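Colleague: This is the structure I want to talk about, given as structure tokens.
The values are calculated or read from the model by the stated rules, or taken from the named source; none is laboratory data. Fair warning: this is a prediction, and the values are worked out from it, not measured in the lab. Note that each Cβ is placed from the backbone with ideal geometry, even for glycine, and that neighbours are counted across all protein chains shown. For accessibility, only protein heavy atoms count, side chains too; no ligands or nucleic acids. Shrake-Rupley method; radii C 1.70, N 1.55, O 1.52, S 1.80 Å.
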Amino acid sequence: MSSPLGPARPRYRATGRGRPVALLAPVLLVAVLLGAWEAYVDAGSTSAFVLPAPHSVAVALWENAGLLAANLQPTAVEVGLGILLALGLGFLLAVAIHMSPGLRRGVYPLAIGSQAVPIAVIAPLLVFWWGFGVFPKLFVIVLICFFPVLVTTVDGLAAVDPDQLKLLRTLEASRWQAFRFAELPAALPAAISGARIALTVGVIGAYIAESQTATVGTYAGLGHEINADLTALQTPRAYAAAVVLFAFAIACFYALALAERRLAPWAVGPRREAR
Amino acid sequence: MPTQLQPLAQPAPRQGTRRTAVGLKNVSRSYGGPGVPAVQALAGVSLRADSDELLAVVGPSGCGKSTLLELICGLQAPDEGSIACAPAALMPQHDLLLPWLNAIDNAGLALRIAGLSRSEARRRAAPLFAELGLEGFQRADPRELSGGMRQRVAFLRTLLSGKPVLCLDEPFGALDAITRAEMQEWLALALAREPRTVVLVTHDVEEACVLADRIAVLSRRPGRVIEELGVELPRPRARTDLELIALRELALTALARGSAGEPA
């Protein structure tokens with residue numbers, strides 16, 4: 001990337017890879033926030049049961065690393081599977097809605113309404129159907145996560161250049177081929193944006209799912225762990241578990257950003273040269 | 001690699017048995033709907049292009065030239081009149097290369113749509129791709145290509161549709177003068193190698209004179225044919241050729257009459 005003459009133009013892209021400067025800003029920001037937090041607690045403003053100091057969270061993180069890792073595993077599985085299902089459902093529904101105005105009128109309002117359903121209302125039914133395993137959690141995560149994918153994909157499919165469709169028509173493309181060669185790739189960047197939103201709300205979705213539907217087993221997930229710790233006044237450990245969720249969400253988000261470069265490179269970097 | 005075309009040793013026979021490839025009789029077309037005042041784009045247009053002939057259609061902007069091409073390609077139906085036409089492929093005004101396909105896959109799009117696999121479409125597109133001065137750009141992203149190169153790929157895509165008639169809608173309108181001149185030369189050579197019936201819509205009278213076998217001058221909207229000029233000049237043609245300049249003046253005069261809205 002770097003030439004002996006130095007960069008030809010300022011680099012605004014915050015890819016951050018291999019550039020320590022790009023990492024400096026978030027590190028500084030986190031340091032400042034942690035410092036303020038520590039000072040706030042040291043000032044004796046609250047009880048340690050309400051807000052533990054960052055250093056005691058760090059200690060809890062260190063001492064409970066094994067426990068937290070064991071609890072991350074079921075949560076990560078729920079989020080991973082849930083997101084995959086939500087992507088599939090959101091995407092298929094979007095395509096169906098795009099292809100059929102009737103479905104659009106029928107399904108879209110229901111999909112919007114589904115976002116207002118409090119999970120606590122349906123949680124007993126989910127447990128009645130599927131018991132204490134992973135399925136009720138998956139249902140909750142899918143319910144929360146399919147919606148951003150649906151909305152962004154519907155908009156992306158509708159935003160295809162009509163001239164591209166006309167061109168395909170002159171080349172005698174079928175409806176399916178118009179979808180395959182124009183609409184689908186045109187909608188992909190929007191769908192991936194929806195997936196990123198879905199991923200981040202998916203992590204909190206896993207917490208809600210674990211809170212609302214009981215689990216049998218020693219390690220029931222980070223959400224379950226957080227609730228148990230809060231009840232037992234093990235606040236530093238609850239915070240430590242929350243830190244793990246925090247880091248997990250960020251890691252997932254950037255993993256998807258990397259996938260986007262592979263899936264839809266035309267939507268990412270400005271590679272425009274001679275034009 | 002050849003970025004310039006070599007003319008064929010034996011030029012394709014341009015005389016001989018000729019069939020009408022494109023025929024329009026008294027074609028009219030209006031747009032409008034309930035509550036919208038109708039706009040008549042074309043009024044009683046009759047045109048003819050023989051097979052492997054290049055018909056240039058020149059006219060002031062907004063004279064229904066694009067409508068004419070869409071009618072020939074069957075994307076629209078005329079309100080009145082009849083169209084008898086061999087299957088035609090459209091090269092739209094903007095290249096409309098798909099940004100998610102590389103150059104050779106864009107060129108071979110019609111082959112993919114015809115059901116060939118990607119590798120088979122590439123294999124079929126490759127020889128022409130190289131011959132038409134695109135060697136080395138097979139895997140290039142459309143956005144990495146210059147305007148002229150994009151038009152080459154778009155033309156190749158039209159050519160590879162396999163249709164006997166090509167409808168080119170201001171193909172070089174967005175290019176700078178030097179690139180446009182290069183591309184006109186390129187198109188003449190490409191057609192010498194791959195003869196097709198071409199309907200070329202342009203607002204550039206000189207372009208029409210350099211490339212066409214026949215020139216139809218349209219009036220301003222509603223478009224009517226106000227002049228048809230046969231071009232018998234030998235090829236390759238130089239812009240500075242006196243006969244070509246005379247022809248250009250003739251066409252420009254007709255165009256000026258048409259723009260002034262003189263009744264036919």
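Colleague: Take the alpha carbon gyration tensor of chain A, find the square roots of its eigenvalues, order them as a ≥ b ≥ c, and report rounded if a/c is under 1.5; if not, report prolate when a/b exceeds b/c, else oblate.
Modeller: oblate
Colleague: Counting only protein heavy atoms and rolling a 1.4 Å probe, how much accessible area do A and B lose on contact, total for both sides, in Å² to 100?
Modeller: 2300
Colleague: Among A:PHE146, A:PHE246, A:PHE49, determine the one that fluctuates most according to a GNM of chain A built with springs between C-alpha atoms less than 10 Å apart.
Modeller: Top of the fluctuation ranking is A:PHE49.
Colleague: Calculate, for the range A:22-85, the solvent-accessible area per residue in square angstrom, rolling a 1.4 angstrom probe over the heavy atoms of the protein chains.
Modeller: 61
Colleague: Name the residues of the range B:80-118 whose accessible area, probed at 1.4 Å, falls by at least 30 Å² once all protein chains are in place instead of their chain on its own?
Modeller: Buried on complex formation: B:LEU90, B:LEU96, B:LEU98, B:PRO99, B:TRP100, B:LEU109, B:ARG112, B:ILE113.
Colleague: In Å², what does the accessible area per residue of chain B work out to with a 1.4 Å probe?
Modeller: Result: 44 Å² of accessible area for each residue.
Colleague: Relative to the longest principal axis of the C-alpha atoms of chain A, give the angle of the C-alpha long axis of helix A:101-114, reported between 0 and 90° and rounded to the nearest 10°.
Modeller: The helix A:101-114 is inclined about 10 degrees to chain A.
Colleague: Now for a different question. Could you tell me what percent of the DSSP beta bridges with both partners in the protein assembly as shown are antiparallel, to the nearest 5?
Modeller: 50
Colleague: For chain B, set up a Gaussian network in which alpha carbons nearer than 10 Å are linked by springs, and say which option among B:GLY32, B:GLY62, B:GLY115 fluctuates the most.
Modeller: It is B:GLY32.
Colleague: Pop the C-beta distance of A:ILE112 and A:ALA257 into the FRET formula with R0 = 22 Å and round what comes out to the nearest 0.05.
Modeller: Once the sixth-power term is evaluated, E becomes 0.20.
Colleague: Something else about it: What do you get for the angle between helix A:135-158 and the principal long axis of chain A? Use alpha-carbon atoms, 0 to 90 degrees, nearest ten.
Modeller: So the helix axis and the longest Cα principal axis differ by about 40 degrees.
Colleague: Ignoring ligands, DNA and RNA, what percent of the accessible area of the protein assembly as shown is carbon or sulfur (1.4 Å)?
Modeller: 63
Colleague: Another question about this same structure. When a/c is below 1.5 the answer is rounded, else prolate if a/b is larger than b/c, else oblate, so apply that to the range B:73-206 with a ≥ b ≥ c taken from the square roots of the Cα gyration tensor eigenvalues.
Modeller: Details: a/c = 1.72, a/b = 1.19, b/c = 1.45.
Judged from the Cα gyration tensor, the range B:73-206 comes out oblate (a/c at least 1.5, b/c at or above a/b).
Colleague: Per the helix-only calculation at 222 nm, which mean residue ellipticity applies to chain A, given -39500 (n - 2.57) for every DSSP H run of n ≥ 4 and division by its residues, nearest 500 deg cm²/dmol?
Modeller: So the helix-based figure for chain A works out to -24500 deg cm²/dmol.
Colleague: How much FRET efficiency would the formula 1/(1 + (r/R0)^6) give for B:ILE178 and B:THR240, where r is the Cβ-Cβ distance and R0 is 25 Å, rounded to 0.05?
Modeller: Working: r = 16 Å, r/R0 = 0.62.
So, using R0 = 25 Å, E works out to roughly 0.95.
Colleague: When ligands, DNA and RNA are left out and all protein chains stay put, how many square angstrom of accessible area per residue does the range A:140-229 have with a 1.4 Å probe?
Modeller: In whole numbers, the range A:140-229 has 36 Å² accessible per residue.
Colleague: What distance in nm lies between label points placed 7 Å from Cα along the C-beta direction at A:LEU28 and A:ARG105?
Modeller: Once both label points are built, they end up 5.7 nm from each other.
Colleague: Suppose accessible area is computed on protein heavy atoms with a 1.4 Å probe; arrange B:GLU227, B:GLU232 from highest to lowest.
Modeller: Solvent-accessible surface, decreasing: B:GLU232, B:GLU227.
Colleague: Charges only on Cβ, +1 for Lys and Arg, -1 for Asp and Glu: so what's the dipole of the range B:80-185 about the Cα centre, in debye to the nearest 20?
Modeller: Dipole about the Cα centre, nearest 20: 500 debye.
Colleague: Express in whole angstrom the spacing between the alpha-carbon centres of the range A:21-64 and the range B:126-201.
Modeller: 63
Colleague: Rank B:LEU101, B:ALA88, B:SER161 by how far each Cα sits towards the positive end of the charge dipole of the range B:47-184 (+1 on Lys, Arg Cβ; -1 on Asp, Glu Cβ) and give me just the farthest.
Modeller: Positive-end residue among those listed: B:LEU101.
Colleague: Give the lysines reachable from B:LYS25 as a straight Cα distance under 27 Å; neighbours fewer than 8 places away on the same chain don't count.
Modeller: Filter leaves A:LYS166, B:LYS65, B:LYS163.
Colleague: Go ahead and estimate [θ] at 222 nm for chain B from helices alone: -39,500 (n - 2.57) per DSSP H run with n ≥ 4, summed, over the residue count, rounded to 500.
Modeller: Working: 8 runs with 86 residues, N = 264.
Value at 222 nm, helices only: -10000 deg cm²/dmol.
Colleague: A further question on this structure: Give me the angle, in degrees from 0 to 90, between the Cα long axis of helix B:147-159 and the longest principal axis of the Cα atoms of chain B, rounded to the nearest 10.
Modeller: That works out to roughly 80 degrees.
Colleague: Using a 7 Å offset from the Cα along the Cα-to-Cβ direction at both A:GLU172 and B:SER51, what is the distance between the two label points in nm, to one decimal?
Modeller: It works out to 1.7 nm between the two label points.
Colleague: Follow-up. Give a residue-ordered list of calculated ³J(HN,Hα) values for the range A:59-71 (Karplus: 6.51 cos²θ - 1.76 cosθ + 1.60, θ = phi - 60°; whole Hz; x for Gly, Pro).
Modeller: 4, 4, 4, 5, 5, 10, 3, x, 4, 5, 4, 5, 7
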